[in-house]
Every structure is written in structure tokens, then in C-alpha cells.
Amino acid sequence: MQLSYDHLPCHLKPLLLYFATTQKSQRTPVSTLMQMWMAEGLVDHDSLEETTQSYLDALISSSLIMVDHIPSWSKWWASVMIKVCYMHDVVHDFCSLKAKKERFFKLINSGDPFHASDLLHRRLTVYTDDDRQLQKKFVLFNSNKCLGGCKHLISLKVSGSLDNYKYTRHLRLVRVLQLDGIVLEDSLMDDIGFLFHLRFLSIRSNMEAIPESWVNLQNLETLLINTENTIVLLPRLFKLSKLKHVSIDKSSFFDEEEEDNIRLLEGENSKLKTLSKVDISYSQGTNDALEKFPNLEHLDCTIMVPECPPTHGDWFPKFDILNKLQSLIAEYIIEWNYHVYPIEYHFPTSLKELRLFDIPMRPALLSAIVALPQLEILEINYCEFVDYKWDASEDIYQSLKTLRLACPELLEWEVYRETFPKLEELILENCFMLTEIPYAFGDIDTLKSIHVVQSELELGDSAMKIKKDVIDFTGEDRLHVHIS
């Protein structure tokens, strides 16, 4: 291990040691990891995101870091696979010892002896099971007892619950603040606005709007909030000039009681690149709000179906305004017992990934999806097809590589060889109505695998027959079938 570490370029060594701040075998989303590296100042380059990605690729190539894909429950009833990184326990042990020796960071577990010198580290990670015991000995959580040493912390992570955590103003230089196990009181939320150098913030809160004091956070780049309340984003989100990544469990552009939404859209456009779990309701203000996010690349949203849709039927959000958008996750929420359908669907031609949840698969929607020239990943989850049929025989999904159907209300499916000319992976999950995979999939030369998960036995038999036909026709066992 020491030899492998010594052969690493100097700029990669602190990135490797950073994994020691996580627990053994912990899977960290790649996007979050890269955002924390940048927030910590561990990557020093003009093209930060591209450089950070290249550094991560180099660590993966060295085999010191491993990659996996795990489900992320973006919806309480459905998951999306995300890319994560982790390291082997042996590598983690080495990095922990090395980080301790080089005073890279300090780890404090509940029950560990505490010394005032522990606060002299620039990075501090606290894992606690017994908050009262730790609070008695850990003066960081009491501003009256806090030593001057803690004022130079640039990274603080507290995992677990702590009562009476009330002070952060003294952490004036902190860049990364993670308090995921603590529900923060309103007074503490206001105090966070004094942390001018903050770049990465991950918290739990029951606030209903972004605090006014947060307009001071002009260096904030990543905001992650776990909440049970819906947090209103505008207009204060626009005032965070460097903010690029936002993920809030529940959020909306506007307050439902606000009448003049247009007034809230004044000011500069947002630099935001990712926005997750935002409710989008029908209004002209919503489409105007989308125009304020010209740099958005990933959007995870819930579309609130209007109870009284406009007579022209064009109420679907105009996502085509977002001409840099590459990934879209969209779910319908209907609060009454009847369906209303838009007559048009608006997607940007830049889309590469589209994941739909509980959205009726109307012909107009399927036509809009077919028209996306760069779409590589399509997931249809809990969606109903008209008359339980999907006739794709005359369509061409020209760039699609991965197709996933999960719990579809689909009984009949027609596909020709030309429908998916570049398809590599077909995933069928919880398909309880569909009993046969169209045999045309066996004629797709690029198809590498078929996954049948918790579905009808006949569907698995159909996949195996396609595999056998491919072997008989080509003489090659090139199609992998996984049934579980």
C-alpha cells in the first residue's frame, strides 16, 4: 500500500486520504464526492469540474478506488441507480493511519477521549451515538466554551444526532459543513448566513424558505437539505451567485399564496447546474422561472397536474427552454380522481437521460420522446400505456442505449429491428402484465444484455428463447440474460 501511495502524483494523495473521512465500506455518490473535493480546495485548476473528474478517473485506474452502482430512492416507491465510489477496508485502514500521521483530519467517535488539541485540525469528523455524553466533553458545540482553535476549521462533519447544537458563527472559515443528523433550529439557520466562506452545505431543517441572511453566502456552490416541509426557493436562490447544485427533499419555485410571481424573477440568471426534487405547477410564472436557469444540466421534478387545466391543453412545462439539460426525472402528482392530459410535451433536444414516473404514455408523449436525437437512457416507471399497448414498430429511437420498464401497465408490445438500432441494455422489472419480449430484440446487433427482474415467468422464458435464437443464428453467445 505504501508503495502504491508513494507512486501517486502529489495532487492525488489528499484526494485519496479524503476517503478516510468516511466510514469503512461507505458508498459515496460520485457527484457529491467531487463537489466536496472542490469545496475543500483540494482541486486547484481553472476547469474545476473537468479536472476533478480526471483526478477521480486516475484514482479509479490505480485500483485504489472502486466504483459501484446502487439504487437511490429518489421517490419513496421507486429507485434510480447512481454511481458511487468506495475503497477496500485495507486501503481505508492505510488512509486512516496516513491521514492521522499527516494531521489531514481528525476523527472523533462517541466514547473517544477528547483533547483540546483535537480542534487544531483543519478538518473534523464526528460520529456520535450518545449525544449527551459527547456534548459534555466536546466544547465545539458550546460557543461559551469553544476554544479559539476551532475558528480555523475548514471542514466539519457531524454524523448522528446532537441536542442543543446552537452555534456556528465561530466557524468563520468553514468551507464544508455537514450536519445531516441534526434538525437545525431557526436561529441556527440564520447564523449559517455568517459563514461567508461556505461552499458545501448539507443539513436537516424544517424551514419553509431560504433565510434572508443566506444572501451573504456568495461562495456557496452545493446545497443539500433534508426536510419534511416544502421550501420556497425564489427569489433568494437567485441571490446565491455561485450556487451550482441544489437537492432539497421538498421544494417549489413560488409560495402558493404569492400572487405576483413575476416580480420574484427579477435579477441575474442562476448558474445552477443541478436541481433536484422541485415541485412544478402550471403557470406562466413557472415557465418564466425555468428561463432563469439557462445552465441547468440535471432536473428532478414533480409535475403538479392542474385541477382545471387551460382550455388550449398546453400546460406541460416548457422544458425545451433548458437547452443545456441532459438529464430529466419527472413524476406526475394528481390530487383528484380523474386524469387530464396535455396536448403537447416539450423536451430539449439536448436530453441524454429521461426517467418518467407515473406519467400516462400517450401517443403525443411517445412521439416527443422519439424525436430526441441524443437520448441514450429511457426509463418508464409505473406508467400506463393507452389500451395497455405500445406500438413502436414505426418509431426509431436513434441513440437509445438503455431502456428500462418498471411496473408498466403494458400488455402488448410491438418492436421492429430498426426501432432501437443502438440499444445495448434492456431492463424489465416488475412486469406483471407483459408475458413476451418482442423477438425483434434478438435482431439488434448492439444488444448486450436483457435483465428480467421479479416479473412473470413467461417473460423470463421469452428472454431465454431470444438468447437461444441469437446463438443459433450467429453461432456466438453474445447476449447475456439475467433473471431474478
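Structure above, values below:
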item: Peptide ranges 376-386, 441-451 listed from the most packed, as the mean C-beta count within 10 angstrom indicates; result: 376-386, 441-451
item: Least to most buried among E353, E256, E208 (fewest other Cβ within 10 Å first); result: E256, E208, E353
item: Interchain or long-range residues, amide H under 5 Å from D314's placed H; result: I343
item: Ellipticity estimate at 222 nm from DSSP helix runs (n ≥ 4, -39,500 (n - 2.57)) divided over the chain, nearest 500; result: -5500 deg cm²/dmol
item: Relative contact order %, the chain, counting alpha carbon pairs below 8 Å whose residues are six or more apart; result: 6
item: Highest-first arrangement of 89-100, 220-231, where packing means the average Cβ count within 10 Å; result: 220-231, 89-100
item: Which label in (i) 23.4, 73; (ii) 22.2, 70; (iii) 25.1, 78 gives the computed Rg and Dmax of the Cα atoms in Å; result: (iii)
item: Interchain or long-range residues, amide H under 5 Å from C383's placed H; result: D358, E409
item: Karplus 3J(HN,Hα) series, Hz, for region 315-324 with 6.51 cos²θ - 1.76 cosθ + 1.60 (x for Gly, Pro); result: 10, 5, x, 8, 5, 5, 5, 8, 7, 10
item: When each of K277/K389; K83/K465; K250/K318; K13/K157; K101/K244 is checked by Cα-Cα distance, pairs over 27 Å; result: K277/K389; K83/K465; K101/K244
item: For region 365-381, Karplus couplings with θ = phi - 60° (6.51, -1.76, 1.60), whole Hz, Gly/Pro x; result: 5, 4, 5, 5, 5, 4, 6, 7, x, 10, 5, 10, 10, 10, 10, 10, 10
item: Farthest toward positive dipole pole in region 202-360 [+1 Lys/Arg, -1 Asp/Glu at C-beta], among C308, N216, L265; result: N216
item: Amide hydrogen neighbours beyond the local backbone of I483, cut-off 5 Å, H modeled; result: V452
item: Contour minus Cα-Cα distance for H480 and S25 (0.36 nm per residue); result: 160.9 nm
item: Derived scalar couplings ³J(HN,Hα) [region 241-248; Karplus, 6.51 cos²θ - 1.76 cosθ + 1.60; whole Hz; x for Gly, Pro]; result: 5, 10, 5, 10, 9, 10, 9, 10
item: Descending semi-axes in whole angstrom, ellipsoid equivalent of region 384-484, from the Cα gyration tensor; result: 20, 17, 11
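Read-outs: derived from the displayed coordinates by stated rules, not from any lab. If you're wondering where the values come from, they're calculated on a predicted model, not measured in any experiment. Positions of Cβ are generated from backbone atoms using ideal geometry, with glycine treated the same way; all protein chains shown enter the neighbour counts.
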